[in-house]
1. Restricting to strands (runs of 3 or more DSSP E) lying wholly in segment 240-354: which have 3 or more residues that are farther than 26 Å from VAL216 by Cβ and hydroxyl-bearing (Ser, Thr, Tyr)?
2. Considering only segment 260-277, state which residues are touching a strand residue (DSSP E or B) at 6+ places or on another chain (Cβ under 7 Å), at negative phi and charged (D, E, K, R).
3. When only residues in segment 194-210 that are outside any strand (DSSP E or B) and at pLDDT 95 or above count, which is surrounded by the fewest Cβ atoms within 10 Å (Cβ to Cβ)?
4. If we keep just the residues of segment 291-309 that are open to solvent by less than 20 Å² (accessible area, probe 1.4 Å) and over 28 Å from the mean Cα position of the chain (by Cα), which is nearest to ILE270 (Cα to Cα)?
5. Have a look at LEU329, LEU272, LEU312 and point out the one that is buried (at least 17 other Cβ atoms within 10 Å of the Cβ), farther than 30 Å from ASP215 by Cβ and touching a Phe, Trp or Tyr at 6+ places or on another chain (Cβ under 8 Å).
6. Given the condition open to solvent by 20 Å² or more (accessible area, probe 1.4 Å), modelled with pLDDT under 95 and of a type outside the set (Ser, Thr, Tyr), answer yes or no: does some residue in segment 92-104 qualify?
7. Identify all residues within segment 275-290 that are out of contact with any Lys or Arg (no Cβ under 9 Å at 6 or more places or on another chain) and open to solvent by 80 Å² or more (accessible area, probe 1.4 Å); write none if there are none.
8. May I ask you to say which residue of SER154, SER97, SER110 is within 27 Å of the chain's Cα centre (by Cα) and at negative phi?
Amino acid sequence: MITRKWTKMVASSAIAAAMLLSTVVQAQAAHKKDLQLNVNHYVVTTDVKPVIVNDTVLVPLNTVREYLKPMQLRWNNKSKTVTVNTGTDQVTLKMGSKEAKGKGKIYILSVPAQLKDGRVMIPARLLAELYGAKVSLDTKDGMVYIYTPDVDVSTAEENRDVKLYPVSATKYGRYEGMVIEVEGRKRVFEDWNGGDGTRKPVIQYQDVTGDGKPDVVVFYVDGTGTGLYMGEMHVVDVETLREIPIESLEQAVLSHVQSNIEKYADHFVIKLLIDGKEYVERIEDDSKDKSYLYDKVGFGAVVRHKLEEGRLVTQAAGSISPAGFAGDLQITYRFDEELNQFVVDSMEYSSLEE
């Protein structure tokens, strides 16, 4: 494995709709460019852009379908109607009508559903009613946001009552604080920040301390960029919901690894000494200026974590320059009952050529 109920995050459909309508007029005046669409943290590429009609934002239903689950659509070309099955309701909209008919319920639309360039366009507010979504319009960046909070809830495959979700999430899916919930019991971890729309945190429910009882293990990404991938790993005791410390990568490297990079006219040599075991790698390089190279191998720019046969494992790329890597350091942890923390059990280094 390389490496979501919160009240502040979710406004009611009525409040969301009011907020949306209050900003529409500003948007019409401020934006001449096409509106963009962000559904559940993803900036969606649409062949037909959202539009504002009589102070109402209309969005392409077919595109939204891919990001709001469950949603099934059935088009009747003869009657010019579309039926939306949400899993809990089945709603029929007729093009040009201000009414949408559900199971025993009538939804009133401020603007009728309509066809635009072959796409069915519906008021974004209807999605708030159908999916309990938060719908808003950012007049500064010209973005329509549709967000369903349950998209940010991660559950453990081993136990669906073990969950992880954010205290709050940004428009692009970064978690700001996280909540662990185990069969209804909750604990907030304010300093856990990370993830994004494409890298949702992962939660697992496995015994990693070796006491025969499952623990909560969380993986998420704190930051990415050119030559950067910052994975995070946490373990929480199920009974107390307290975090169990893990020896940091920095401390592990300081205690177990020695390294240096020797620079020569036509090559350089990478040397590592890990718990008495030596690793030597020669790399041909005839560049006159080798100041781009570090004096020793760095670990921490690219860090991934995983569970492997019930063991916590960290993989850290060995950087020899701001954008260059020579190999990977793999750390396997064991639980020290006396210290009540995970400590380094073993380390292995492999070059990229192996």
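1. 341-351
2. Selection gives GLU262, ASP266, LYS271.
3. Residues of segment 194-210 outside any strand (DSSP E or B): 195, 197-198, 200-201, 207-210.
Checking the rest, the ones that are also at pLDDT 95 or above come to 201, 207-210.
Details: PRO201: 23, ASP207: 14, VAL208: 20, THR209: 20, GLY210: 12.
So, considering only residues that are outside any strand (DSSP E or B) and at pLDDT 95 or above, the one surrounded by the fewest Cβ atoms within 10 Å (Cβ to Cβ) is GLY210.
4. The extreme case among them is VAL297.
5. On the way: LEU329 fails: farther than 30 Å from ASP215 by Cβ; LEU312 fails: farther than 30 Å from ASP215 by Cβ.
Answer to the check: LEU272.
6. Checking segment 92-104: at least one residue is open to solvent by 20 Å² or more (accessible area, probe 1.4 Å), modelled with pLDDT under 95 and of a type outside the set (Ser, Thr, Tyr).
7. First, the residues of segment 275-290 that are out of contact with any Lys or Arg (no Cβ under 9 Å at 6 or more places or on another chain): 275-277, 282-284, 286-289.
Residues satisfying the conditions are ASP275, LYS277, ARG282, GLU284, ASP286, LYS288, ASP289.
8. Numbers: SER97 fails: within 27 Å of the chain's Cα centre (by Cα); SER110 fails: within 27 Å of the chain's Cα centre (by Cα).
So the residue among SER154, SER97, SER110 that is within 27 Å of the chain's Cα centre (by Cα) and at negative phi is SER154.
The values are calculated or read from the model by the stated rules, or taken from the named source; none is laboratory data. Since we're looking at a predicted model, the values are computed, not measured. Don't worry about glycine lacking a Cβ; one is built from the backbone with ideal geometry, like all the others, and counts go over all protein chains shown. The protein model used for the area step is the full one, side chains on, heavy atoms only, and it has no ligands, DNA or RNA in it. Shrake-Rupley method; radii C 1.70, N 1.55, O 1.52, S 1.80 Å.
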